[in-house]
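Below is one structure; the comments refer to it alone.
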Amino acid sequence: MPAICLTLLCAACGGQKAPAPVSAPAESPAMTETPTPSPAPTETPDPVSYEDRLFAMDYVHTVDVRVADEDWAELLAAPIDKTKYHASVSIDGETFENVSFATKGNSSLYNVADDPGSERYSFRLNFGKFEEGQTYHGLDKLSLNNLFCDATYMKDALSYALFRRCGVPAPLTGYVWVTVNGEERGLYLAVEDLCDGFLDRNFGGEGVIYKLESKNLKLTLDAVRESRIKGLDVSSDPHGSDLLYRNNIVVFTWIRLTELL
């Protein structure tokens with residue numbers, strides 16, 4: 001039996017031819033690699049706008065204002081004037097130069113000014129007042145509110161949040177710790193000012209914003225209703241008595257609001 005197996009194996013092997021040797025492939029001529037030019041860098045808009053920076057409500061932000069000592073002394077001596085001063089402002093460590101810095105408010109301003117024991121004024125920052133086109137990531141004006149008569153420090157923030165939740169355009173808010181020339185002024189509420197940034201965010205840049213000026217204009221609801229304003233005919237106003245025009249100042253009277261309530 002082993003002899004038969006051996007014979008068969010030898011016969012099988014003898015019937016196969018050895019494979020032809022494979023020659024090595026010919027070397028291809030050297031090729032020069034042409035570098036592909038990289039695309040020119042394009043300017044992309046800031047992916048993080050002001051609404052996701054200063055108005056993030058999960059922590060207290062910092063606002064440090066640096067203003068000339070003589071300007072700060074003048075502001076404290078005459079806060080009612082609302083004089084605008086040049087300042088350097090750092091928000092969460094990011095610095096902006098040549099920013100307009102002034103007091104703001106009406107009743108809160110007058111009450112603090114009349115209080116000899118307080119210098120806790122509200123302030124307004126205008127990033128583009130002295131530096132054309134300068135903004136804080138799209139925001140041109142910012143209010144720092146002292147939360148006058150609000151021991152909770154939450155009424156304004158919750159009210160604006162409620163309006164936004166109901167679909168009504170309202171300012172964004174964020175809590176900030178304010179210092180001026182290194183001196184701590186305390187906890188404030190940063191409020192998105194009603195300005196171009198607000199229009200861009202809510203209305204695509206379209207619309208008109210009116211501002212109430214009451215420094216030298218004293219109006220009462222009864223006087224408006226009874227048309228007892230010198231030189232003014234309320235009945236001829238096409239808006240009824242919602243808007244009064246005097247000395248190119250638009251005055252909101254709140255009549256419809258009180259009737260609604």
* Out of all the residues in region 84-140, which are surrounded by fewer than 18 Cβ atoms within 10 Å (Cβ to Cβ), of a type in the set (D, E, K, R) and touching a helix residue (DSSP H, G or I) at 6+ places or on another chain (Cβ under 7 Å)? -> 119, 120
* Would region 161-169 turn up any residue that is in contact with a strand residue (DSSP E or B) (Cβ under 8 Å, 6 or more places away or on another chain) and under 25 Å from residue 99 (Cβ atoms)? -> no
* Filter region 153-181 down to the residues that are in a loop (DSSP other than H, G, I, E, B) and in contact (Cβ under 8 Å) with a residue 12 or more places away in the chain, then identify the one that is farthest from residue 72 (Cα to Cα). => 169
* To do: Could you look through region 45-97, keep only residues that are of a type in the set (D, E, K, R) and within 16 Å of the chain's Cα centre (by Cα), and pick out the one that is farthest from residue 115 (Cα to Cα)?
  => 46
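Only the coordinates and a few stated rules stand behind these numbers; no lab work does. Only a predicted model underlies this, so the values are computations on that prediction, with no experimental measurement involved. A quick note on method: Cβ atoms are made from the backbone with ideal geometry, for glycine too, and the neighbour counts reach across all protein chains shown.
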